[in-house]
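Trainee: My questions all concern the structure below.
Nothing in this text is a laboratory measurement; each read-out follows from the coordinates by a stated rule. No experiment lies behind these values; they were computed from the predicted model shown. Here the Cβ positions follow ideal geometry from the backbone for every residue, glycine too, while neighbour counts run over all protein chains shown.
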Amino acid sequence: MQTGAITGYIDVAQVALYTFWLLFAGLIFYLRTEDKREGYPLVTDRTGHMVQGFPPVPAPKTFLLASGAMVQAPRQGGVEPTFDAVPAAGFPGAPLQPMGNPMLSGTGPAASALRADVPDLMYASSEHRVVPLRVAADHGVDGESPNPIGQEVIGADGAVGGIVSDLWIDRAETAIRYVEVTLAAGASILLPMPLANVDTTGRVFVKSVMASQFLDAPTLAHPDQVTLREEDRIQAYFASGHLFAVPSRMEPML
């Protein structure tokens, strides 16, 4: 027999190759199982039928978070997403047609994740990561930059939606995350900074929504803190305005 041969038909190279194939197939199976810890099983339009596919959803695993809390994935029970929409047709899998205010429908660009209803925390401390300047007194707006606090917030229709009362910063990244807008009725809402355009005078312009639509924006349960779930809903509301704010935006381009 030649060098490396185990028998007349099997050698070390063959064993190494077949072992590699088996290990690689096992790795694919493991990774495909692990990526089903979120979002599965899928709910279909067929009553009582859940889609898992192959491989099936894995057994729950407990994860220890930096905050000391523990979560299980896949989640056992939990809050189910809600949306205000109906199928556009009678066949299974038909697209959903938003009802009422589409920016609050929870569908399409207005959909949001159901992250934990707790504030995001700094990694090295228990301090809240996203807070207003009135809480993070050691931060402020650079004196050479336009300061929007006290300035008007103008919607896509050119009307005034409210007045900037504060800015919310991300302590971890030292960046402005939200503009706090006080409405004429007295309530305050958060406007995502990436959707705001601040001019040289400090005035804030928003292209995604009309001034009147600030009234329906999600509000906070606590005036000085924002939770992960609230952040997702706020961002979904204002971002979805690029499609849902006026009916003409939902029409075909051609």
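Trainee: Compute the Cα gyration tensor for segment 115-250, then decide on rounded, prolate or oblate, letting a ≥ b ≥ c be the square roots of its eigenvalues: rounded whenever a/c is under 1.5, prolate when a/b is larger than b/c in the other cases, and oblate in all that remain.
Mentor: Judged from the Cα gyration tensor, segment 115-250 comes out oblate (a/c at least 1.5, b/c at or above a/b).
Trainee: Now, a different point. Over the chain, with a Gaussian network built from C-alpha contacts below 10 Å, which listed residue (Val130, Val209, Val57) shows the highest mean-square fluctuation?
Mentor: Maximum among the listed residues: Val57.
Trainee: Which residue, Leu190, Leu215, Pro95, has the largest displacement toward the positive end of the dipole of the chain when charges sit on each Cβ (Lys, Arg +1; Asp, Glu -1)?
Mentor: Value computed over the given set: Pro95.
Trainee: Quick one: length gained pulling Ala124 to Leu65 fully straight, 0.36 nm per residue minus the C-alpha distance?
Mentor: Taking 0.36 nm per residue and subtracting the Cα distance, the gain is 20.0 nm.
Trainee: Suppose every K and R has +1 on its Cβ and every D and E has -1 on its Cβ; what is the size of the dipole of segment 72-181 about the Cα centre, in Debye to the nearest 20?
Mentor: 420 debye
Trainee: Any idea what the dipole of the chain comes to, in debye rounded to 20, about its Cα centre with Lys/Arg Cβ at +1 and Asp/Glu Cβ at -1?
Mentor: Computed about the Cα centre, the dipole is about 760 debye.
Trainee: Alpha carbon centre of segment 112-138 versus segment 165-216: separation in Å?
Mentor: So the separation of the two Cα centres works out to 18 Å.
Trainee: Now for a different question. Rank-order 216-225, 25-34, 230-239 by packing density, defined as the average count of other C-beta atoms within 10 Å over each peptide's residues, highest first.
Mentor: The densest-packed peptide leads the list: 230-239, 216-225, 25-34.
Trainee: Separate question: Say R0 is 30 Å: what FRET efficiency, to the nearest 0.05, do Phe91 and Ala111 get from their beta-carbon distance?
Mentor: For R0 = 30 Å, the calculated efficiency reads 0.90.
Trainee: Does the chain come out rounded, prolate or oblate by the C-alpha gyration tensor, with a ≥ b ≥ c the root eigenvalues, rounded set by a/c under 1.5 and, if not, prolate when a/b is larger than b/c and oblate if not?
Mentor: prolate
Trainee: Taking 35 Å as R0, compute the FRET efficiency from the Cβ-Cβ separation of His139 and Tyr40 and round it to 0.05.
Mentor: For His139 and Tyr40, the calculated efficiency is 0.25.
Trainee: Report, in debye and to the nearest 20, how large the dipole of segment 115-250 comes out about its Cα centre when Lys and Arg carry +1 and Asp and Glu carry -1 on their Cβ.
Mentor: It works out to roughly 360 debye.
Trainee: Among Val206, Ile176, Gly241, which residue has its Cα furthest toward the positive end of the charge dipole of segment 115-250, with +1 on Lys/Arg Cβ and -1 on Asp/Glu Cβ?
Mentor: Gly241
Trainee: Could I ask something else about it? Explain nothing, just the number: relative contact order of the chain, from Cα pairs under 8 Å at least 6 residues apart, as a whole percent.
Mentor: 15 percent
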